[in-house]
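Notes follow once the structure below has been shown.
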Amino acid sequence: MPTVQPLRYAHSDGHTDVCFDESGKHLLTCGTDGDVRVWAGIDDDDAVSHRVGDRVYGIVYKNERFFTSSDTNTIQAHTFPDGGPDGILTRFTAPVNHMVVNQSGKTMVACSSDFTIKTVEVDTCSHKTLQGHEAPVLSVALDPKEEYVASSSCDGTVRIWQHKEQSQVNSMSILPKTNDVSLSKTMCRLCWDLKGENLYVPVEKEIHIYERSNWKKVGVFRDEDIAGVLSILALSPNGKILAAASSEGSILVWDINTKKCVDRYRHPKKFSVTAIAWNPKKPNELAFCDQEGQLGLMEDITLSLDAKQSVPVQETRAKETLGIFDDDDDDDMLIQATNEEKKAGIDLGGDNSDDDQIPVIKPLGDLDDDAMSKKSDQDDSASVISDAPLVLPPAPVMVEGFKPTPLQNPFQPGSTPVHLSSRFMVWNSIGIIKQYNTEEENSIDIEFHNTSIHHAMHISNTSNYTLADMSSEAVILAAESEDGNPSKLTCMHFGSWDSCKEWTTAMPEGEEIMAITLGEDWVAVATDKRNIRLFSLGGIQREIFTIPGPVVCMAGHTNQLMLVYHRGMAIPGDQCLGVTLMYVEGKQSTVIAGQPLPLSPKTALAWTGFSAEGTPFYMESSGIVRMLNRKFGPSWIQVANTKSHAKGKSDHYWVVGVNENPQQLRCIPCKGSRYPPVLPRPAVSILPFQVPLCEMNTEKSQYEETLWRTRLFGQHFDQWMAQGFEFDPSTKGDNLKPAQEALMKLFALSARSDREFRALEVCEMMPEQHTLQLAIKYASRIKHMHLAERVSELAQQKEEEEQVEDEFPEPSYNPATAWAGRNGHMGGRSSHQVQDEEVMDEGEEEINMDEDEGEEERPSGPMLNLKSKSEKPTRPQFISSARSSNPFKMSQGSQKSIPTGGAKGTQVFDSMNRKKPDKSKAVDPIVIGKPGKILVKPKKSTQGNLFASKPKTDSAKTETTKSDTTGDTPVPPQSTPSAFDLWLEKNRIELEEEHPDLGETDLVQTAAERFRDVPREEKQVWITKAKQLKAENSENLQNTENSEVSSENKKRKRDEMDPKEIKDIANKKKKDSVLDSSKKPLSQTTNSKLAGFAFQKD
């Protein structure tokens, strides 16, 4: 019995054909899914697929090309192994059922369901037609001498034709009649013997042999084990073995000479066998396919029942000689066995009855029986019996030079191959463009997913457009140069408000368009001269630049352009691709400048595009999907593997769109193919994303994957903010909520597992104090007190770091404006706000930008018995440099003034209102600043100035006026410079010399970026200087307040004293004025007590 491995899926259900290449190393199959697959052996898990049509009926290989017959009723040639189209040999008016090629590969004979047979000269494509059948022709067979052609038909006849004269020689009515190929029980695949003397015809359960000389039946092949009707015949390359397959899964092998069945195989599911093919280099291997699209391979086929007709004996057949020499006394048996071995071509040498070892039989190659009979039995030197192991002569060493991997051809993302008669020119999130190229029509259909954008269109493709792309504003088409006409670009701008909605631009002579893409209001074209040409949607030519290699594909989104091209020669089997990502509008810049595009080994690029949120993605031919991680590198990270969702090894997914919120990968499943068919319209599936972390079956890894995937897919919010896009801040919080939950679950899991160090690492990734308080509570609840103390220390450390970070202003083009924004006076969004490059923790709560917020302590939560933090100094209330008025003046327009005559303590309510804004209410306007922060315009009326806005007496007004004009009252500084301001003041001249062409705004931005790179020690020096200035400012302001309180208290007290006490106080004051003026005044607490004492006396 032959060895048959488990059958594997090759194509979809239906008729499937198979053949070998001339080397016997590759199998080629085709099926009803329209693909041709090239298998590097039966164990190949990643067969190369070539899209040929919607259905492929037959395949033949010859002279480094393979020929296919498809549903287009044509026979097309393809190059091997790349599968590129190489011309159409001939056309029929109905599907081609069978085709054969002669030994030289110059002549092909094919038959069709249109009752005709054609003989085609492969080189010239000239053909001759044989007509006479009255029903579809099932199969044909060409005489090895190329004199006759045999054919079988559904009309029940087998006919013989003169090849050159195109005339019928004989007709035999031996088959059942049907009116269609699909209704026939047999395909009746004929074949000739190697010399062309006999014709073999499968008839029911027999194989009839017809002699060439008189076309009479001269023999029959029979066997009792045949199930079903014999349908297919195939002669082995050496012409000694005939294989036959039946409609119920039986495969039998006959010896031509003995007409006996030497081996057989039965399909495990009894499916009909649709094709068989012998390996041209291995005579005992036979490939076959069934009606379910499965591929199988029979190995170690028995080729003979006895040694006389066997092929040269191999060493593996030495076991068959065991037992022949068991009886040493039986000389007759020994002599008989020796003679038989001599006839078989093997010399056993002398008597080896005393030798207990098994003789090793050495293969004798292709020596015939006559040559072997001349060898002497007594010639020891000619003996093939040896106790030594077999040593074969070394094979000649063939040195081959380096063979570079062929460069990947350029392609349009979201499109199917150009040579298909019906194909997708593009399928993206906007719509679908389909092309039909048949004998009847050459047209293009344009559909939009949202019909409110534009209605569907049907246009005639007279210009032979092959490339297309679409957006919500326009559709662009590109055509190759043809018949002297240059390659051209056409744009249908249906979003235009005028009546001219189409324009066309021709490329320079000799320059071909290879790829196109659309942005928000621009068009990009890549040519074979490595030029990238940009156009506006109205047709204005813009920038043109050159890339360093042949383009592979392009993709565009809003103002982003991504280019993929060949960087150079890669290692064998790989592609060396480079990627460039740039902003082509607004502030033009390059994000990725020609960095290598990472691909898995032995793969190519399959799709490139942007998500709906604007993040670059791409997919490899192996099914791996990667996205750009802007914050780590930038680098590329794997986020999905579509192959893991495929049901079969030959199934693939075809990407049509990506969304980050919600996380969706929209694909079309392709069963046994890489591309979907146009008809019927395929359905879109949604696949999940998954970061490939280790040990994904564990709870810990699942939480980690959720955390990093959520953070990764939330980066587009920061990108939007950097680009100036406005969005609902609650959307970001909802999107990052799973990450916060995963952090808490990961902390709880680590704590329960006594992994306290790991739990503390998890806390370091928590961005909010609130989550840290929850972690402390949980650690305390489960009695992990040491962990709770560590987390408490971490919370205090983070709070101190936040205070230090408050010392740095937002990098802005106007320091005064930025300083005002820090004090809560920013009423609108600055048009040149600079994005902070540091990674901000997601999920951060709204941050109050008022400096006096620090006077209130944050809720400490369950802090354990730790060393209490030193009391924070009271923050002074700095006034914006944009205002130089007296801060102690009472006026309704001053938002930060402290009323001197109002109720005491009203400013506390103001700070509370500013600290906790009501998130449920809509705040207008919202100013988008640093990523993750929302700056809210403060209210114009506060609790404090409500009290101060109602002076009751004219004396209060007079007193206020005096306070404005007097020069004795010290005016606090307008604002305290930060560490960045001090550093910029010192290095401004140097920066201006380095960047003389920068304006004030760009200079401050460059300085902010330079300041971030300053070493930590040097930065700490500047922070210390800023704190010193801040302390001095605070002390001056406090002295001013104390002096006012003291004067008021003294005035109240003076009214109650007698004249003698007043005189003593005056003398003391006069005496104190002579002393050192630097004596510190009383503290604010003491003044408050004195004021309270005075009020109590009243």
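The values are calculated or read from the model by the stated rules, or taken from the named source; none is laboratory data. Since this is a predicted model, take the numbers as computed values, not measurements. In this analysis, Cβ positions are derived from the backbone assuming ideal geometry, glycine residues included, and neighbour counts consider all displayed protein chains. When the accessible area is computed, the model is the full protein with side chains, heavy atoms only, and any ligands, DNA or RNA have been set aside. Shrake-Rupley method; radii C 1.70, N 1.55, O 1.52, S 1.80 Å.
Mean separation of Cα pairs under 8 Å and 6+ residues apart, divided by the residue count of segment 500-609: what relative contact order is that in percent? Before the final figure, lay out the partial values.
Working: 223 pairs, mean separation 18.1, N = 110.
RCO, segment 500-609: 16 percent.
Tell me the relative contact order for segment 610-722 as a rounded percent, counting alpha carbon contacts under 8 Å between residues six or more apart. The partial results should precede the final answer.
On the way: 175 pairs, mean separation 23.0, N = 113.
Relative contact order for segment 610-722 comes out at 20 percent.
When the Karplus curve 6.51 cos²θ - 1.76 cosθ + 1.60 is applied with θ = phi - 60°, which whole-Hz ³J(HN,Hα) does each residue of segment 649-666 get, with x for Gly and Pro?
5, 9, 7, 9, 10, 10, 6, 10, x, 9, 10, 9, 9, x, 6, 9, 10, 8
For the pairs LYS128/LYS434; LYS217/LYS260; LYS118/LYS195; LYS145/LYS177; LYS216/LYS269; LYS260/LYS281, note any where the Cα-Cα span goes beyond 26 Å. Walk me through the numbers before you get to the answer.
Working: LYS128/LYS434 36 Å; LYS217/LYS260 18 Å; LYS118/LYS195 23 Å; LYS145/LYS177 30 Å; LYS216/LYS269 37 Å; LYS260/LYS281 24 Å.
In this structure, LYS128/LYS434; LYS145/LYS177; LYS216/LYS269 lie more than 26 Å apart at Cα.
Could you order peptides 225-231, 251-257, 535-541 by the average number of other Cβ atoms within 10 Å of their residues, highest first?
Per-residue mean Cβ counts within 10 Å order the peptides as 251-257, 225-231, 535-541.
Could you state how much accessible area PHE271 has, in square angstrom rounded to the nearest 10, with a 1.4 Å probe and all protein chains kept in place?
50
Take the alpha-carbon centre of segment 97-164, take the same for segment 595-622, and report the distance between them in whole Å.
Here the two parts' Cα centres lie 47 Å apart.
Whole-Hz Karplus ³J(HN,Hα) for segment 577-589, in order, using 6.51 cos²θ - 1.76 cosθ + 1.60 and θ = phi - 60°, x for Gly and Pro?
10, x, 10, 10, 10, 9, 9, 9, 9, x, 7, 5, 7
With a 1.4 Å probe and all protein chains kept in place, how do MET744, MET721, MET1 rank by accessible area, largest first? Let's see the in-between values first.
On the way: MET744 50, MET721 25, MET1 155 Å².
Result, largest first: MET1, MET744, MET721.
I need to check one value: relative contact order of segment 40-119, counting alpha carbon pairs closer than 8 Å and at least 6 residues apart, in percent. Intermediate values should be presented prior to the final figure.
On the way: 148 pairs, mean separation 16.2, N = 80.
Reported relative contact order: 20 percent.
Where in segment 568-641 are there trypsin sites (Lys or Arg not before Pro) that are in a DSSP coil and have at most 16 other Cβ atoms within 10 angstrom of their Cβ? Working shown, then result.
Details: sites: LYS587, LYS602, ARG626, ARG630, LYS631; in loops: LYS587, LYS602, ARG630, LYS631.
Answer by residue number: LYS587, LYS602, LYS631.
Applying the Karplus parametrisation 6.51 cos²θ - 1.76 cosθ + 1.60 with θ = phi - 60° to the phi angles of segment 443-455, what ³J(HN,Hα) value in whole Hz is obtained for each residue in order, glycine and proline being reported as x?
So the Karplus estimates, Gly and Pro as x, are 9, 10, 10, 10, 10, 10, 4, 9, 5, 6, 5, 6, 7 Hz.
Report the charge-dipole magnitude of segment 31-78 in Debye, nearest 20, computed about the Cα centre from +1 at each Lys and Arg Cβ and -1 at each Asp and Glu Cβ.
Values: 5 positive and 9 negative charges, 71 e Å.
About 340 debye.
When ligands, DNA and RNA are left out and all protein chains stay put, how many square angstrom of accessible area per residue does segment 128-260 have with a 1.4 Å probe?
42
Please give the charge dipole size of segment 577-634, origin at the Cα centre, charges +1 on K and R Cβ atoms and -1 on D and E Cβ atoms. Round to the nearest 20 debye.
On the way: 5 positive and 3 negative charges, 34 e Å.
That gives a dipole near 160 debye.
Nothing charged except the Cβ atoms of Lys and Arg (+1) and of Asp and Glu (-1): what's the magnitude of the dipole of segment 735-800 about its Cα centre? Round to the nearest 20 debye.
Numbers: 10 positive and 10 negative charges, 78 e Å.
Here segment 735-800 has a charge dipole of around 380 debye.
Write out the GluC sites (Glu not before Pro) in segment 410-451 meeting two conditions: DSSP loop, and at most 13 other Cβ atoms within 10 Å of their Cβ. Display every interim value, and only then the final one.
Numbers: sites: GLU439, GLU440, GLU441, GLU447; in loops: GLU439, GLU440, GLU441.
Counting only loop positions with at most 13 other Cβ atoms within 10 Å, the GluC sites (Glu not before Pro) in segment 410-451 are GLU439, GLU440, GLU441.
Given a 1.4 Å probe and the protein chains all in place, what does the accessible area of THR603 round to, in Å² to the nearest 10?
Taking all protein chains as shown, THR603 has close to 10 Å².
Return the loop-located trypsin sites (Lys or Arg not before Pro) in segment 154-198 (DSSP other than H, G, I, E, B) with at most 16 other Cβ atoms within 10 Å of their own Cβ; answer none if there are none. List each step's numbers first, then the result.
Details: sites: ARG159, LYS164, LYS177, LYS185, ARG189, LYS195; in loops: LYS164, LYS177, LYS185, ARG189, LYS195.
The qualifying sites are LYS164, LYS177, LYS185, LYS195.
Sorting ARG533, ARG755 by accessible area (1.4 Å probe), largest first, what list results? Please report the intermediate quantities before stating the final value.
On the way: ARG533 40, ARG755 130 Å².
From most accessible down to least: ARG755, ARG533.
Which value, in Å² and to the nearest 10, is the accessible area of SER622 when all protein chains are kept and the probe is 1.4 Å?
Rounded to the nearest 10, that gives 40 Å².
Keeping every protein chain in place, order SER472, SER70 by accessible area at 1.4 Å, biggest value first, i.e. largest first. Spell out each step's value before the answer.
Numbers: SER472 60, SER70 5 Å².
Solvent-accessible surface, decreasing: SER472, SER70.
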